[in-house]
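Shown next, in structure tokens, is the structure this report addresses.
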Amino acid sequence: MDDFAISISDSIASEAEDRLRRQDDFERLKVHAAEYGYYVPTNVPYDGDCFFHAVCYHLGRSDAKLLRSQLSSFLETKVATFSKFKIN
């Protein structure tokens with residue numbers, strides 16, 4: 001096997017290990033969340049608003065883009081309050 005083929009083989013093996021590691025992390029997250037009475041939704045869209053979709057799920061809301069907009073507006077009106085949490 002030449003160096004290129006070895007490199008590709010190593011890369012594929014590394015990706016498979018990463019996928020298994022992420023799957024294991026996700027399973028542990030689900031178990032930990034369940035211990036506190038929470039559920040980790042698995043059907044959250046990967047559209048840049050995944051955090052807001054997950055929050056909407058737990059709040060019983062359906063419009064992640066609206067929640068994001070409302071939260072952004074709220075934070076903008078409270079800049080003085082939240083600016084102390086800013087990280088360089």
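Evaluated against (1) surrounded by 10 or more Cβ atoms within 10 Å (Cβ to Cβ); (2) of a type outside the set (A, V, I, L, M, F, W, C); (3) part of a loop (DSSP other than H, G, I, E, B), residue 46 falls short on exactly one condition, (1). Take the residues of the stretch 1-43 that are exposed (fewer than 10 other Cβ atoms within 10 Å of the Cβ) and among the hydroxyl-bearing types (Ser, Thr, Tyr): which is modelled with the highest pLDDT? If we take residues in the stretch 1-43 being exposed (fewer than 10 other Cβ atoms within 10 Å of the Cβ) and among the hydroxyl-bearing types (Ser, Thr, Tyr), then 36 is modelled with the highest pLDDT. When residue 38 is tested against (1) over 15 Å from the mean Cα position of the chain (by Cα); (2) assigned to a helix (DSSP H, G or I), only condition (2) is not met. Residues that are part of a loop (DSSP other than H, G, I, E, B) and surrounded by 10 or more Cβ atoms within 10 Å (Cβ to Cβ) within the stretch 49-77 comprise 49, 61, 62, 63, listed in sequence order. Looking across the stretch 1-35 at every residue that is over 19 Å from the mean Cα position of the chain (by Cα) and β-branched (Val, Ile, Thr), the one that is farthest from residue 58 (Cα to Cα) is identified as 6. Given the structure, is residue 47 under 30 Å from residue 69 (Cβ atoms) and free of Cβ contacts under 8 Å to residues at least 60 places away in the same chain? Yes. A search for C-beta distances below 6 Å between a residue of the stretch 61-73 that is within 10 Å of residue 49 (Cβ to Cβ) and of a type in the set (Ser, Thr, Tyr) and any residue that is assigned to a loop (DSSP other than H, G, I, E, B) and modelled with pLDDT under 95, counting only pairs 6+ apart in sequence or on different chains, returns nothing.
The values are calculated or read from the model by the stated rules, or taken from the named source; none is laboratory data. If you're wondering where the values come from, they're calculated on a predicted model, not measured in any experiment. Note: ideal-geometry Cβ built from the backbone for every residue, glycine included; neighbour counts use all protein chains shown.
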